[in-house]
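Okay, so here's the structure we're looking at.
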Amino acid sequence: MPEPTSPPAPHAPSQSVSFDISTGTGVLRTPGSAYALRIGADGSPRHVYWGAPLSDAEIAALPSAKSPADSSFEADAVADELAVETGARFGPAGLRVRFADGTRGAQWRFEGFDLDPDGPGDTLRVRLVDRVYPLAADLHYRVWPDTDVIERWVTLRHTGGPGADAGTGSIVVERCDSAAWTLPARPDYRLSHLVGGWSSEFQLRRDRVPVAETTLTSRRGATSHHANPWLALDDGTATETAGQVWSAALAWSGSWRITVERDPVGRLSFTGGAGHEGVGVTLQPGETWQTPVFAGLYSGAGFGGASRAWHAYVRAHVLPHPEEDRPVVYNSWEATGFDVTEADQKKLAGLAARAGAELFVLDDGWFGARRDDTAGLGDWAPFRGAFPNGLRPLAAEVRRLGMRFGLWVEPEMVNVDSDLYRAHPDWVIHSPTREPTELRNQLMLNLGRPDTAAWVLRTLDALVRENSVDFLKWDMNRVVTEAGWPGHPDPDRLWTEHVRSVYRIMDRLRADHPALRIEGCAGGGGRVDLGIMARTDQCWTSDNTDPVDRIGIQAGFGQVYPAAAMAAWATDSPNGSTFRETPLRFRFHVAMAGALGLGGDLAEWSEEELDQAAAFVAEYKEIRPLVQRGIAWRLRSADGVSGVHYAAPDDSEHVVLVWRPTMAFGHEPAPVVLPGLRAGSRYVDLFWGAEYSGESLTTRGLPLGLPAGDYASRVIRLRRV
Ligand code: GLA
């Protein structure tokens, strides 16, 4: 262990983070896990341990992962806390740098550590400097007393002064991951991840990990519908309720990449961070570069345990207002499309209020020349043909009906056929010599430009202020192509600066309008991640509102993100995407598993349907605290029944939502085991009055009493007696 070149910071009293300078070992402790790293002989922090809690003595006795310099023929999964390109390392490097004289790769000297420099939470910072070049890297770790999630990120610093020569000039950072994570050796590994596309987000895949490098990525400049920056790993034996699971998620809403490397001798590491291959930044002397957080957790309680840990973490440390009930939203998109008028929207508002909605959202089509998706995007003034006196009369009516007023915006975008584009064609992301690709007939503003970002902030601020907007549905319906930034000395910064600018604008709007709430949306669930969730209150899960498809989409979303953030509407039948006809009750029961909203053309609903809708909404409001702040247990039985159980943390109240899209063979479904109940308690079904012991519900299961036929569903409420 090399000597630190600066005196270590005084040992802080924190129990959860420690660093033993005599062995160079850092230890992080969470309520249900421990994590350890050690400075290797080459000065690089190497992985030691991540798993169930171990004593200090046990951790001290563990070897570090092998030094990469040991053998040029030894296969070696990353096992560095952040892999560099020097030494006998041949796996995916988390840090790829090129210095001005052409030299590649950092070679570290351990400078020291600090405990709790980055509050809040308990933090450890490991300080590294290159032995020759003016590059410093800090590896940051943060733990909290109430979660097993460990947050990690990296700060790079160009420590050279201005006017430096070629050896110390600018530094090209081709890649800087937030962290690498290493798992204990196992004979086999399995990867769980989320894949999909527009209208089919969050499909869970669970496959064996090949002895190879497996990359999960988005190169779109946005999180993407196609892969979500989350993964879970196990040895192939974990179940929903038991077994060891290691999981990680990136807090970033742009391009990203996570590479899992499994080597032939039973080791597995993964490294991840912002950006995709071939896109980096050039650091100038004095400049600092900070990565987003890559959060990871260990659970000994199976996939369900990992999800519950994520949900609790997101509620406690990510979402801005976790304590608030998410309102029942009515959104006009599926009812009126682009064809919005003040009269129509007022009528829908009246019906929505009657059904119990608490917030009315006017979706696309209210502004500029936006009669379809070919024009008007960027011109955020009400279309006078539809709203002759602006939006205030509608907003006033919505309030008179007892609801809050929300508005759809897509502030990062512009149609070529718009006044904004005609005035500022240079504001879009483009390469002047390349044909621009229009996706959904639109181009993307470069919010990395200070003038463009300032305009967006000004425009949104005025919209919110002038119309007393309570809620913005912030949409993003295209991704980055022809990624140029003409005139910028380091044009690839676009990929990060656009995202950071969106974050800054959201943060600023929220600070200036404390009552404003934001729903994140990107053509459905194309931008759902821990980064956007830190500044939005909920996310639009998918444009697909078919309840059968939604069961899978919502189950995937719920692997990592909590129900409070999962916007789910009951809409029309037949469904606008799938043309499937389903009963109103089934549509509501599926949507009630998240932040319930209404999205259909209520003007076409019968009186009876509106009354039923009002009853479902009223029932939802009763179970809402359980759904939005309870502890979630995914349920699945034979017979095609799936569902979710939300438990009050004190075990007093429970709600079980179960769905069976198709009835096979006319079989009665078997009772569903509820592992989240307590063996010593007794529970009463509030509808049937039946009483059960916890033992019976956790072993034999709950009889579902589902009606016969397809699209059967029930909301079962249990109270502890
Ligand atoms: C996206 C959103 C939809 C709707 C439309 C409006 O597709 O996901 O909910 O707002 O845009 O154009």
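The values are calculated or read from the model by the stated rules, or taken from the named source; none is laboratory data. What you see is a predicted model; the values in this text were computed from it and never measured. So basically every Cβ, Gly included, is an ideal-geometry build from the backbone, and we count neighbours across all protein chains shown. With ligands, DNA and RNA removed, areas are computed over all heavy atoms of the protein, side chains included. Shrake-Rupley method; radii C 1.70, N 1.55, O 1.52, S 1.80 Å.
Considering each of Arg678, Arg714, Arg719 in turn, give the residue that is assigned to a strand (DSSP E or B) and open to solvent by 30 Å² or more (accessible area, probe 1.4 Å).
Just a single option satisfies the conditions, and that option is Arg719.
When you go through (1) part of a helix (DSSP H, G or I); (2) closer than 15 Å to Pro547 by Cα; (3) of a type in the set (A, V, I, L, M, F, W, C) one by one for Leu596, which number turns out not to apply?
Leu596 satisfies every listed condition except (1).
Would you mind stating whether Arg190 is open to solvent by 40 Å² or more (accessible area, probe 1.4 Å), of a type outside the set (S, T, N, Q) and more than 30 Å from Pro547 (Cβ to Cβ)? Outline the logic, then answer.
Details: open to solvent by 40 Å² or more (accessible area, probe 1.4 Å): yes; of a type outside the set (S, T, N, Q): yes; more than 30 Å from Pro547 (Cβ to Cβ): no.
Judged against the criteria, Arg190 is not a match.
Can you tell me how many residues in the range 635-652 are modelled with pLDDT of 95 or more and either open to solvent by less than 50 Å² (accessible area, probe 1.4 Å) or closer than 22 Å to Thr582 by Cβ (or both)?
Number of matching residues: 11.
So which of Gly300, Gly296, Gly273, Gly236 ends up being closer than 21 Å to Asp188 by Cα and out of contact with any strand residue (DSSP E or B) (no Cβ under 6 Å at 6 or more places or on another chain)?
Result: Gly300 is the single residue among Gly300, Gly296, Gly273, Gly236 that is closer than 21 Å to Asp188 by Cα and out of contact with any strand residue (DSSP E or B) (no Cβ under 6 Å at 6 or more places or on another chain).
Residue check, Ala312 against (1) of a type in the set (A, V, I, L, M); (2) within 17 Å of the chain's Cα centre (by Cα); (3) open to solvent by less than 20 Å² (accessible area, probe 1.4 Å), all met but one. Which one?
Of everything listed in (1) of a type in the set (A, V, I, L, M); (2) within 17 Å of the chain's Cα centre (by Cα); (3) open to solvent by less than 20 Å² (accessible area, probe 1.4 Å), Ala312 misses just condition (3).
Taking Ala238 as the residue in question, decide whether it is in a loop (DSSP other than H, G, I, E, B) and either within 21 Å of Arg634 (Cβ to Cβ) or in contact with a Pro (Cβ under 7 Å, 6 or more places away or on another chain) (or both).
Here the answer is yes, as Ala238 does meet what is asked.
Just give me the residues in the range 479-511 being surrounded by fewer than 17 Cβ atoms within 10 Å (Cβ to Cβ) and part of a loop (DSSP other than H, G, I, E, B), in sequence order.
Once the filter is applied, which keeps residues that are surrounded by fewer than 17 Cβ atoms within 10 Å (Cβ to Cβ) and part of a loop (DSSP other than H, G, I, E, B), the range 479-511 yields Glu482, Pro486, Gly487, His488, Pro489, Asp490.
Residue-wise test of (1) in contact with a helix residue (DSSP H, G or I) (Cβ under 6 Å, 6 or more places away or on another chain); (2) closer than 25 Å to Ser577 by Cβ; (3) open to solvent by 10 Å² or more (accessible area, probe 1.4 Å).
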| position | (1), (2), (3) |
| --- | --- |
| Trp198 | no, yes, yes |
| Leu204 | yes, yes, yes |
| Arg219 | no, no, yes |
| Leu233 | no, no, no |
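Which numbered condition trips up Val655, out of (1) in contact with a Pro (Cβ under 9 Å, 6 or more places away or on another chain); (2) crowded, with 18+ Cβ neighbours inside 10 Å?
Every listed condition holds for Val655 apart from (1).
If you go through the range 206-229 one residue at a time, do you hit one that is part of a strand (DSSP E or B), more than 26 Å from Ala106 (Cβ to Cβ) and of a type in the set (Gly, Ala, Ser)?
Yes, some residue in the range 206-229 is part of a strand (DSSP E or B), more than 26 Å from Ala106 (Cβ to Cβ) and of a type in the set (Gly, Ala, Ser).
Within the range 316-329, can you find the residues that are crowded, with 19+ Cβ neighbours inside 10 Å and assigned to a helix (DSSP H, G or I)?
If the condition is that a residue be crowded, with 19+ Cβ neighbours inside 10 Å and assigned to a helix (DSSP H, G or I), then His317, Val318 are the ones that fit.
Residue by residue, here is whether (1) modelled with pLDDT of 95 or more; (2) among the hydrophobic types (A, V, I, L, M, F, W, C); (3) over 21 Å from the mean Cα position of the chain (by Cα) holds:
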residue: Asp138; (1), (2), (3): yes, no, yes
residue: Arg142; (1), (2), (3): yes, no, no
residue: Gly169; (1), (2), (3): no, no, yes
residue: Leu183; (1), (2), (3): yes, yes, yes
residue: Arg190; (1), (2), (3): yes, no, yes
residue: His193; (1), (2), (3): yes, no, no
residue: Pro210; (1), (2), (3): yes, no, yes
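So, in the range 428-472, exactly how many residues are part of a loop (DSSP other than H, G, I, E, B) and either in contact with a Phe, Trp or Tyr (Cβ under 6 Å, 6 or more places away or on another chain) or not basic (Lys, Arg) (or both)?
Within the range 428-472, the subset part of a loop (DSSP other than H, G, I, E, B) is 429-438, 440-441, 446-449, 468-470.
Those left that are additionally either in contact with a Phe, Trp or Tyr (Cβ under 6 Å, 6 or more places away or on another chain) or not basic (Lys, Arg) (or both): 429-433, 435-438, 441, 446-448, 468-470.
Residues flagged as part of a loop (DSSP other than H, G, I, E, B) and either in contact with a Phe, Trp or Tyr (Cβ under 6 Å, 6 or more places away or on another chain) or not basic (Lys, Arg) (or both) within the range 428-472 amount to 16.
I need the full set of residues from the range 603-638 which are under 27 Å from Gln345 (Cα atoms), touching a residue at least 40 places away in the same chain (Cβ under 8 Å) and outside any helix (DSSP H, G or I), in order please.
Trp605
Output the residue which, of all residues in the range 403-420 that are under 26 Å from the mean Cα position of the chain (by Cα) and in a loop (DSSP other than H, G, I, E, B), is nearest to the ligand (Cβ to nearest atom).
It comes out as Glu410.
What do you reckon, is Ala555 touching a Lys or Arg at 6+ places or on another chain (Cβ under 8 Å), in contact (Cβ under 8 Å) with a residue 60 or more places away in the chain and within 30 Å of Ala511 (Cβ to Cβ)? Step through it out loud before you land on a result.
On the way: touching a Lys or Arg at 6+ places or on another chain (Cβ under 8 Å): yes; in contact (Cβ under 8 Å) with a residue 60 or more places away in the chain: yes; within 30 Å of Ala511 (Cβ to Cβ): no.
For Ala555, the condition - touching a Lys or Arg at 6+ places or on another chain (Cβ under 8 Å), in contact (Cβ under 8 Å) with a residue 60 or more places away in the chain and within 30 Å of Ala511 (Cβ to Cβ) - is not met.
Inside the range 400-423, can you point out the residues that are touching a residue at least 40 places away in the same chain (Cβ under 8 Å), closer than 24 Å to Glu358 by Cβ and surrounded by fewer than 18 Cβ atoms within 10 Å (Cβ to Cβ)?
Matches in the range 400-423: Leu401, Gly402.
What about Gly275, is it open to solvent by 10 Å² or more (accessible area, probe 1.4 Å), modelled with pLDDT of 95 or more and at positive phi?
yes
Filter the range 473-511 down to residues that are polar (S, T, N, Q) and closer than 16 Å to Val409 by Cβ and give me whichever is farthest from the ligand (Cβ to nearest atom).
Kept after step one, since they are polar (S, T, N, Q), are these residues of the range 473-511: 477, 481, 496, 501.
When the remaining residues are screened for being closer than 16 Å to Val409 by Cβ, the result is 477, 501.
Details: Asn477: 5, Ser501: 21 Å.
Per the stated criteria, the residue is Ser501.
How many of the residues making up the range 168-182 are open to solvent by less than 10 Å² (accessible area, probe 1.4 Å) and part of a strand (DSSP E or B)?
5
Restricting to the range 241-258, and then to whatever is outside any strand (DSSP E or B) and not hydrophobic (A, V, I, L, M, F, W, C), can you tell me which residue is surrounded by the fewest Cβ atoms within 10 Å (Cβ to Cβ)?
Thr241
Can you tell me how many residues within the range 579-592 are touching a residue at least 60 places away in the same chain (Cβ under 8 Å) and either assigned to a loop (DSSP other than H, G, I, E, B) or touching a helix residue (DSSP H, G or I) at 6+ places or on another chain (Cβ under 6 Å) (or both)?
5
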